Amino acid sequence: MTNAWVHNTFLVVYAATIFLILGIVLAENRNPVKSLAWITVLLLLPVVGIILYIFFGRNIRNTRMISRRNRRRLKRAERYRNPDLSSLGLREQTQQQIRLARSLCDAQFFPGNDIRVFTSGQAKMAALEADLRAATHYINLQYYIFTDDNIGRRIADILMEKARQGVKVRVIYDHVGSFRTGNRFWRKMKKAGVECHPFFKVTLPVFGSRINWRNHRKLVIIDGKVGYVGGMNIADRYITGGKKFKTWRDAHLRVIGPAVRSLQYSFAVDWNFMGMPLIEDEVPETPETGEMGAQLVTSGPTSSWSNDELIYQRAIASAQKRIFIQTPYFLPTDGLLKALQTAALSRVDVRIILPQHSDSRMLDYASFSYIAECLRSGIKIYLYEDGMMHAKTMIVDDEVAAVGSTNFDFRSFEHNFEVNMFIFSRQFNERMTSIFMSDLRHSRRLLQSQWARRSFFHKAAESVVRLLSPIL
């Protein structure tokens, strides 16, 4: 009798918990696709679903990253000026995109930058090491992955050397992204005077829900004069390709000019969000050293809007000639998929390069599940065969290009803290287009007739994994 009562009580509590979480999912009024994905998981796999929701389903939108007072102090240090966009010779559609980013995340437009793009980890790391060694006042460094391997130890040695010389060195690393890097690595740097702090440290079980909100940004600011932003982390595989790939194709920027102030501002907000004192390093009056206009767009789960998604939609909708995209994972929101299809059906040249094999088999299936409907609308899909395609880039017409940390997937748009540099320059656009065309020579174009002949198992795996794509 007692056992039956316990059993029935457990079932009632269990069922009540399921329905309570279902109610919370519905009450949050999220994207219906994402809500349905969670409801499917909860109904099909209740126990697993509850655990997954606790760890991955929470919502922290509209959480304030920094106080208004501190934000004003940082903005004063940024010393930005809003140029007259109509005097820059940009298309009206491009000006609207710049104004949109300003409305979403107070992203300032900085003219007069010199921006270099790296496509190989070896070249990027060599330049970064040289710039770090030249630092005289401060180094602010932020990476999703900072690995205790050859390149990680080389960078760490430089940071420790500069700290001993009296340079202020701060490091933000993502706790989950750098989970395999042992505490001894960080303790050694701290002992040398480097301020190292994990973003959203996960300590089970109290803070287990933090595991879903990762800081995917990759930023470096050196003396307020030189900045880096893009898709490369600090790990050997970005140079060697690692064990799975013969090469690792990526994209990263070196920025000189006024736009470095926006990188410093982004880092300072994240630093303050972690409970650290407000950074008030001197930001020098950097002269306009080039002809490239730039705007840094930040996004994350605390934003009031899905910044990246809205700006991408605006850029795609404004295209008249071409849209070229590179991404390691292609899990677009419904809005972005429709925008790309609309552009292709309007005879805009839409091309997307994906890796033939990424570093996640599950995400491969999820990405491939969108290919058929892309091909049907005239979007050209290419699979990169020369290694891991990890670049996150977009080129629109002749004067807009973007490079950053955002993958073209739900996780980047909804859950990760991301950063992208939008560059408004015909010269830079030409450079990025040349790189894209070079990558096409190492890629295989998918034809609709060929893609339709893939195996039943492949199609079934795509369909099953796609159900989970909004929460992957």
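The values are calculated or read from the model by the stated rules, or taken from the named source; none is laboratory data. In this text the structure is predicted, and so the values were computed from the model without any measurement. Heads up, the Cβs are rebuilt from the backbone with ideal geometry, glycines too, and the neighbour counts pull from every protein chain shown. To get the accessible areas, we keep the full protein, side chains included, count just its heavy atoms, and leave off ligands, DNA and RNA. Shrake-Rupley method; radii C 1.70, N 1.55, O 1.52, S 1.80 Å.
Which of the residues belonging to segment 127-154 are closer than 23 Å to ARG261 by Cα and assigned to a helix (DSSP H, G or I)?
Within segment 127-154, ALA127, LEU128, GLU129, ALA130, ASP131, LEU132, ARG133 qualify.
Take ILE423 and decide whether it is open to solvent by less than 10 Å² (accessible area, probe 1.4 Å) and either under 30 Å from LEU263 (Cβ atoms) or among the aromatic types (Phe, Trp, Tyr) (or both). When the stated conditions are applied, ILE423 passes them.
For VAL229, the test of being under 13 Å from the mean Cα position of the chain (by Cα), within 27 Å of LEU296 (Cβ to Cβ), modelled with pLDDT of 95 or more and of a type outside the set (S, T, N, Q) is passed.
Checking each residue in segment 346-372 for being open to solvent by less than 20 Å² (accessible area, probe 1.4 Å), out of contact with any Pro (no Cβ under 9 Å at 6 or more places or on another chain) and at pLDDT 95 or above picks out VAL348, VAL350, ILE352, ILE353. Among the residues of segment 70-97, those that are modelled with pLDDT of 75 or more and outside any loop (DSSP other than H, G, I, E, B) comprise LEU85, SER86, SER87, GLU92, GLN93, THR94, GLN95, GLN96, GLN97. Does SER303 fit the bill of being open to solvent by less than 10 Å² (accessible area, probe 1.4 Å), of a type in the set (Ser, Thr, Tyr) and out of contact with any Asp or Glu (no Cβ under 8 Å at 6 or more places or on another chain)? Here the answer is no, as SER303 does not meet what is asked. Which members of segment 318-367 meet the condition of being more than 21 Å from the chain's Cα centre (by Cα), among the hydrophobic types (A, V, I, L, M, F, W, C) and farther than 11 Å from ILE379 by Cα? Scanning segment 318-367 gives a single hit, ALA319. Among the residues of segment 286-300, the one identified as assigned to a loop (DSSP other than H, G, I, E, B), of a type in the set (Ser, Thr, Tyr) and open to solvent by 30 Å² or more (accessible area, probe 1.4 Å) is THR289. Of the set (1) open to solvent by less than 10 Å² (accessible area, probe 1.4 Å); (2) in contact with a helix residue (DSSP H, G or I) (Cβ under 6 Å, 6 or more places away or on another chain), all apply to LYS392 but (2). Only residues that are within 16 Å of the chain's Cα centre (by Cα) and either among the hydrophobic types (A, V, I, L, M, F, W, C) or in a strand (DSSP E or B) (or both) were counted in segment 306-317, giving 2. Checking each residue in segment 319-340 for being polar (S, T, N, Q) and either in a strand (DSSP E or B) or surrounded by 20 or more Cβ atoms within 10 Å (Cβ to Cβ) (or both) picks out GLN326, THR327, THR333. The set of residues in segment 355-403 being assigned to a loop (DSSP other than H, G, I, E, B) and among the aromatic types (Phe, Trp, Tyr) consists of TYR370 alone.
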